[in-house]
Structure formats: structure tokens, C-alpha cells
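J.: Below you'll find the structure I mean.
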Amino acid sequence: MTAIADRPLTAGAQPGPAIRHAAVRARDHLLSLQDPAGWWKGELATNVTMDAEDLLLREFLGIRTPEQSEAAARWIRSQQREDGTWAAFHGGPPELSTTVEAYVALKLCGDPADAPHMKLAVGWVQANGGVERARVFTRIWLALFGLWDWERLPVMPPELIFLPPSVPLNIYDWGCWARQTVVPLTVVAHFRPVRPIAIGIDELRTGAGDPPLEPALSTAGFFQRADMVLHRYERHRVKSLRNAALRRAAAWIVARQEADGGWGGIQPPWVYSIMALHLMGYQLDHPVIRAGLDGLEGFLVHEDSPDGPVRRLEACQSPVWDTALAMVALTDAGVPGDHPAIVKAADWLLAEEITVKGDWAVRRPDLAPGGWAFEFANDGYPDTDDTAEVVIALRRAAAGATAERFAALRGAIDRGVRWMAGMQSKDGGWAAFDADNTRYLINDLPFCDFGAVIDPPSADVTAHIVEAMALDGRADDPRALRGVRWLLEHQEKDGSWFGRWGANHVYGTGAAVPALVEIGVARDHPAIRRAAAWLIDRQNPDGGWGEDLRSYVDPAWIGRGESTASQTAWALLALLAAQEPGEHARSVAVREAADRGASYLAATQRADGTWDEDLFTGTGFPGDFYINYHLYRLVFPLTALGRYLADRLVESP
């Protein structure tokens, strides 16, 4: 392997020793993080609702221990801000439901209501609408313990399970994460369990009634009135039909439990599935419940703090995604495809290929299985985004492979591309988990007040697939060309692209530009020029880029925010792809912006080779739920620096 620091620079090239050394340090640090089994995985940090709900789940099941409570409570307290609130993401505004759930969890753990930190939380909740204005899911958690009236919650009838895929509002109209959450919640909502606890939350109430109904002729207003009808049905339901629905729902849930004991590899369906099955008579020692609870232990992060041990729960884990990104970053930084770390990672990814059909086959019944999921165990829900990145990574690993090994890699790549391409939606774009999952009216259902519940095509996912197909020599594939058309049609007026799974327009633009250039769109195409101009305009004085997560709800934040390593890397990747030859003003402006971005990364790198990044740059549900991918701060800067050095090293004087 030729070390980055040892490569000679051609005369007149720009990068200095600091940038080269930054890439070397990042490369070496990333190599040191690989698990002996071949994978990489960084923590996925979210917010304290995960920890509050973990405690509430254990209270509901009667298995909460003092040790668990004390460690989780320490973590929750550590995340409270000076105004007494908790936020959905680091540095974000106070969030009502998050604050309510954190407060209830701390009170459950023994924090007295008259403690200063608790009084601060109460004051803010009271001033911002009280528990009455918390989201539906928060009030469901309260209802489980008699702290909220089930009658004041929307009805979620289990009979939904009987609706065929051709009928609106069937369970396959929901995004896969919402589908796996809603089905068990319909079971929980049927039983309306109340397991009283020795605390109250009257101090969080304002006495406010329900908000006024939306206009009757609006979609939301129609569903609100339909909910009134469903409340009457609940009092006079057909017992035989309801029992059949409960049995069908339970069987559906059990059939989707993964090898690690979880459901979908994410917290919401996991905890609600455990509760639903427990209410259906599954005891705590039942293999399904036991596996579910044991699996949750693997999502806990334990640390020491000055006040004692803390524990927090990851909402999800991303080893497949992280491993593919790490392989791409390392090979961009000069690590050859036959390096032991790349070989081991590729072998692990080959073993993670999904060869069975999942819920995606409801919309694509004739498509052969293939592809990869995000998590260690999630065979039911591979996603196109991970598959695209794995395809790119495995292609890197194929360089220099023996004939036998090349055949294995090539076979997996071909199956992945076939499945990924076959998941294209009718409009030419790609969503993450399902094709044509675009029943937008679901967003107006009364219990859908939190997070994305459908999975429409997005620019970032579509771009990653277009790029993977282009790199695999399929630039002329009609499906890839339809994806290009979709991307060009969905460019924002300001020249950026919206980022569904990363924050936000910087992420979307950082994905779209390299993909379009890779597939053959000229660098002087108006779409590429506009995107580069937008990025240059959004560059911070320190040379980096940042975009606050509030950009999902407030356009004033689009492309604006404190610089981060990952977002700077995304912008740098786009600018490197957009560079035009020559020394005209536009070319010079792009090059200078890229130079400043690379210099920012070199200047802000830690001594150990990674970067600090407290700000969240990952997206779970736009506007509601966000993620801090701890490995993003390393893999994306290394990718960007590797490509930056490769670009500058071939420059003429």
C-alpha cells in the first residue's frame, strides 16, 4: 500500500502536509475501529425518549430494577438543559413530548416533584400547553399507567390487518417502520391496559380540552370525525371479528421477529411488539418475549460518569451501513481492495446478504430477493440505500481478487443491483424500503402526529442508487436514466436537493451531484452549476458547512448552521465532483471553496484522527426524530479528503 503521506505532489498542486496528514490519521484511526469479525459500527445517539420508554416498558412488564433505574435516570438528568427541558437533538429547541417523557421517567425513578430540576420542567411544560398537547404516542405511554384516559386517544382498530393491499389504509400503505409499529399498537389499544403506578402527573396538566376539529371537508377533519365513529364501534364491536383480528395481528408480529429478538431493528416496533404479545398471553419466559428482551440488552450503551454508571438505549444500530461506508472511505484514502481489513469486511458483508423475501414483495411479488439491511439482523426489511452503498463497497473489494473470490463478489453485486433496481417507484425515484409507498392521506390520520409514516422516493436514496448503477457500468440502464430524470426534476429552486435521511439539503446535494456527474451529466450542466453555487454561498467563514436540523421545519435554516465534519465532507464531495477544467471564474470559485473545506477538516481534526461532532446530522423522521451517527464524523471526512488528495495530485502545474 502506498501511504497517502508518502505520495509525491505534482508541481503546482494545492494540498499541504496538514491535509495529507489528516487523511493518514483518519485512515489509521478508522482501521483501528474494525471489529475482529470484519464490521464497523458507531453508536447511534438519539434523545432521552428512548431511555424513558425503556424504563416505562420495564415498569409495564414488572421487571424494572433499581440498578437500571438509577443508571438511566443519571443519563436522562445529564441531558436536561438549564431551562429544565429536553430537546429532540443536541442544540435544538425544547421539545414538549420529550420533556414530558423524561419528567415522568425521572419521577418514576424517585426524583421528587419539588426538586429544582423537576420544577423547572413542570414550569416549561405548563407554559407550553401541558401534557394535553403532547403527541399521541407520549399519551399512549401515559395511558398504560392510568395517567391518561384511553378514551381521549384515537382508535387504532386491529381489524386494519384484514384490509387487502389494494384497499387504502391497509398496513402496507405505511412505511415499514410505521407498519411494524402500528400493528402491535392496535393490539395494545384493544386491551387498553392500565397498570397503576405510585406517581401522578397532575402538575403537568393545564386542564385544556382537545384542540378544535379541522374543517369537515378537509382530509384531517374527515378522519377526526371517522375516529368518533370508531370510538362508538369500540363499544359495540363484533367480538368474533375482533378476536380474529387479534390472532392475525399476533401471528403477523411473531412472523416478523428477527434473529436478534427484535422487530425491524429499531426501538418503536420492538417495544410495542413485546407489549402486544404479552397482552395476548405470552408470558415473560416465552421464547419470543425472552428473545425480545434479551435482544434489547444489546442496544444498551453503558458508561461511567462522575455521578456513577449511566445507561442509554440506541434506537437502532447500523453495522452494514457503517461497514460499507468505512470500506469506501478507506479505499478512497488509498487502501487497496486486497488489504486484509477490506477483505474481512467484504466477507462479512457477503454473509449479510438477504436471500429471502420480506414485506417489500407485496408491491414487487415477482422480484427476486437480494440486497442488504441496515442492522445486524433485519432480513425482513432490506433497504435500497444500504444496498447501493454495499454494491459500491464490494466493487472496491473486487479489485485484485482471485477468480473464485471475484465470482462470489460479482454474484452478490449482481443480485443486489437487480433487487435494488427492481424497487424503483413508478415516478422513477427510489425510496428506502418499499416501492410506491406514497399514500399521503395516511399522514392525516389522528394518531399520526409523530414522524414520517410513509416511504416516498427521496433525492439522497435515488442518488446513491444512480451512482451505484453508474459505477457498476450500468449508466445506460433505462432505470438509471429514469432516476437521473427524477433527480433533475426534484432539484430545489435554490439549486440544492432535499435530504431525507441526512441533514438536510447539504446531505441531499452531497449525494446528488456526485451521482449525476458519475452517470455522465456534464459538469457545466445548469443543475450542477446551480448546486455548486448554492454550496459556495452556504460555506461558513471557517471554511466548513453545517445545516441545523430545524431546516426541516423552518426554511431559514436551509444550508445554515454551525460547521460539522460530516456536513463539510458532504459539501466537499459535491464540489469535487462539480469541478470544471480551466481557470475561469466559476472553476476557480469551486476549487477555492473545496480547498477551504479540506483545510477546515485538517484544522479541526483531533489528535487521534477523528473529529468532534456533538451536533446531529442524521435523520430518522424529518421534523421529529434525529440521529447522531458517531462514525459519520470519521468516514465521510476520510472519503472527502481521500478524493480531494486524489484530485489535486493529478493536477497539472
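J.: Obtain the nm distance between the two label points defined at residue 444 and residue 235 by a simple spin-label model: each point lies 7 Å from its Cα along the Cα-to-C-beta direction.
T.: 2.7
J.: Okay, next question. Report, in debye and to the nearest 20, how large the dipole of segment 214-351 comes out about its Cα centre when Lys and Arg carry +1 and Asp and Glu carry -1 on their Cβ.
T.: Working: 13 positive and 16 negative charges, 279 e Å.
In debye, rounded to 20, segment 214-351 gives about 1340.
J.: Ok, one more. Could you sort 44-57, 112-125, 204-217 so that the peptide with the highest average Cβ count within 10 Å comes first and the rest follow in order? Let's see the in-between values first.
T.: Working: 44-57: 23.9, 112-125: 16.1, 204-217: 11.4.
Ranked from most to least packed, the peptides come out as 44-57, 112-125, 204-217.
J.: Rank the residues 357, 41 as a footprinting-exposure proxy: fewest other Cβ atoms within 10 Å of their Cβ go first. Write down the numbers at each step before the final one.
T.: Values: 357 16, 41 21.
Fewest-to-most Cβ neighbours within 10 Å comes out as 357, 41.
J.: How far, in nm, would the chain grow between residue 194 and residue 525 when pulled straight, counting 0.36 nm per residue and subtracting the alpha carbon separation? Provide the component values of the computation, followed by the final result.
T.: Numbers: separation 331, 0.36 × 331 = 119.16 nm, distance 6.13 nm.
113.0 nm is the gain from fully extending residue 194 to residue 525.
J.: Could you give me the radius of gyration and the Dmax of segment 393-495, taking only the C-alpha atoms into account and expressing both in angstrom?
T.: 16.9, 57
J.: With each run of n ≥ 4 DSSP H residues scored as -39500 (n - 2.57), what mean residue ellipticity at 222 nm is computed for the chain after dividing by its residue count and rounding to the nearest 500 deg cm²/dmol? Could the numbers behind the result be given before it?
T.: Numbers: 22 runs with 315 residues, N = 653.
Helix-only estimate at 222 nm: -15500 deg cm²/dmol.
J.: Set Lys and Arg Cβ to +1 and Asp and Glu Cβ to -1, take the dipole of segment 105-239 about its Cα centre, and tell me which of 155, 209, 130 lies farthest positive.
T.: 155
J.: With 10 angstrom as the radius, rank 385, 427, 608 by how many other C-beta atoms surround their C-beta, starting from the fewest. Don't jump to the answer; show the numbers that get you there.
T.: Numbers: 385 28, 427 16, 608 11.
Going from least to most buried by this count: 608, 427, 385.
J.: Could you derive backbone 3J(HN,Hα) for segment 58-74 from the dihedral phi with the Karplus parameters 6.51, -1.76 and 1.60 (θ = phi - 60°), listing whole Hz in sequence and x where the residue is Gly or Pro?
T.: Listing the rounded values in order: 5, 5, 4, 7, x, 10, 6, 10, x, 5, 4, 5, 5, 5, 5, 4, 4 Hz.
J.: Shifting gears a bit: Peptides 389-395, 229-235: what's the order by average Cβ count within 10 Å, highest mean first?
T.: On the way: 389-395: 24.9, 229-235: 12.3.
Result, highest mean Cβ count within 10 Å first: 389-395, 229-235.
J.: Another question, then. Give me, ordered by chain and number, the residues 5 or more places off residue 502 or on other chains with an amide H under 5 Å from its own placed amide H.
T.: Counting only residues 5 or more places away or on other chains, the set is 619.
J.: Working from the alpha-carbon coordinates of segment 512-646, get Rg over Rh, Rh being the Kirkwood radius. Display every interim value, and only then the final one.
T.: Values: Rg = 14.7 Å, Rh = 15.3 Å.
A ratio of 0.97.
J.: Extending each Cα 7 Å along its Cβ direction at residue 210 and residue 363, get the distance between those two points in nm, one decimal.
T.: Once both label points are built, they end up 3.2 nm from each other.
J.: OK, next. Quick one: P(r) of segment 217-342 from all Cα-Cα pairs, 10 Å bins, percents rounded to integers, in order of increasing distance.
T.: Per 10 Å bin, starting at zero, the Cα-Cα P(r) for segment 217-342 comes out as 10, 23, 22, 24, 13, 6, 2 percent.
J.: Obtain the nm distance between the two label points defined at residue 356 and residue 79 by a simple spin-label model: each point lies 7 Å from its Cα along the Cα-to-C-beta direction.
T.: 3.3
J.: Still on this model: Please work out how much length the chain gains when fully extended from residue 152 to residue 37, using 0.36 nm per residue of separation minus the C-alpha to C-alpha distance, in nm with one decimal.
T.: On the way: separation 115, 0.36 × 115 = 41.40 nm, distance 4.99 nm.
Difference between extended and current length: 36.4 nm.
J.: OK, next. Find the Rg to Rh ratio for segment 436-551, where Rh is the Kirkwood radius over alpha-carbon pairs and Rg uses the same atoms.
T.: Numbers: Rg = 15.7 Å, Rh = 15.3 Å.
Value, to two decimals: 1.02.
J.: Now for a separate question. Size of the dipole of segment 92-152 about the Cα centre, Lys and Arg at +1 and Asp and Glu at -1 on the beta carbon, nothing else charged, in debye to 20?
T.: The calculation lands at about 80 debye.
J.: To the nearest 20 debye, what is the magnitude of the charge dipole of the chain about its Cα centre, counting +1 on the Cβ of each Lys and Arg and -1 on the Cβ of each Asp and Glu? Don't skip to the answer; put the middle values down first.
T.: Details: 63 positive and 85 negative charges, 262 e Å.
With only Lys, Arg, Asp and Glu charged at Cβ, the dipole is about 1260 debye.
J.: Pulled fully out, how much extra length does the chain show between residue 132 and residue 606, if you take 0.36 nm times their separation in residues and subtract their Cα-Cα distance?
T.: Values: separation 474, 0.36 × 474 = 170.64 nm, distance 4.53 nm.
Stretched fully, the residue 132-residue 606 segment lengthens by 166.1 nm.
J.: Mind listing the Cα extents of segment 322-473 along all three principal axes, in Å, largest one first?
T.: Extents along the principal axes: 55, 32, 29 Å.
J.: Using θ = phi - 60° and the Karplus form 6.51 cos²θ - 1.76 cosθ + 1.60, what ³J(HN,Hα) does each residue of segment 109-124 get, whole Hz, x for Gly and Pro?
T.: 7, x, 5, x, 5, 8, 5, x, 5, 6, 5, 4, 4, 4, x, 5
J.: Which residues' amide hydrogens lie under 5 Å from the amide hydrogen of residue 383, considering only partners 5 or more residues apart or on another chain, with H built in the peptide plane?
T.: Here 372, 373, 374 satisfy the definition.
J.: Same structure, new question: Once you compute Rg and the Kirkwood Rh from C-alpha atoms, what is the Rg to Rh ratio for segment 517-565? Kindly include the intermediate steps, with their values, before the conclusion.
T.: Numbers: Rg = 13.0 Å, Rh = 12.1 Å.
When Rh is taken as the Kirkwood radius, the ratio is 1.08.
J.: Then there's this: Sort segment 587-633 into rounded, prolate or oblate with this rule: let a ≥ b ≥ c be the square roots of the eigenvalues of the Cα gyration tensor; rounded if a/c is under 1.5, and if a/c is not under 1.5, prolate when a/b is larger than b/c, oblate otherwise.
T.: Numbers: a/c = 4.16, a/b = 1.49, b/c = 2.80.
Oblate.
J.: Oh, and also: Roughly how far apart, in whole Å, are the Cα centres of segment 505-541 and segment 145-224?
T.: When both Cα centres are located, 42 Å separates them.
J.: Normalise the Cα radius of gyration of segment 147-248 by 2.2 N^0.38 Å (N = residues in it) and let me know the number.
T.: On the way: Rg = 15.8 Å, N = 102, 2.2 N^0.38 = 12.8 Å.
Taking N as the residue count of segment 147-248, the ratio is 1.24.
J.: Which distance in Å, rounded to a whole number, links the C-alpha centroids of segment 291-366 and segment 608-653?
T.: Centre-to-centre distance over Cα atoms comes out at 18 Å.
J.: Spelling out what I want: for every residue of segment 379-388, take phi, set θ = phi - 60°, compute 6.51 cos²θ - 1.76 cosθ + 1.60 (Karplus), and round to whole Hz; glycine and proline get x.
T.: Residue by residue, segment 379-388 yields 5, x, 9, x, 9, 5, 5, 4, 4, 4 Hz.
J.: Sorting 599, 218 on the 10 Å Cβ count, fewest up front, what's the list?
T.: Details: 599 19, 218 12.
Result, fewest neighbours first: 218, 599.
Bear in mind that the values in this text are calculations on the coordinates, not laboratory data. What you are looking at is a predicted structure, and each value in this text was computed from that prediction instead of being measured. Reconstructed Cβ throughout: ideal geometry from the backbone, glycine too, with neighbour counts over all protein chains shown.
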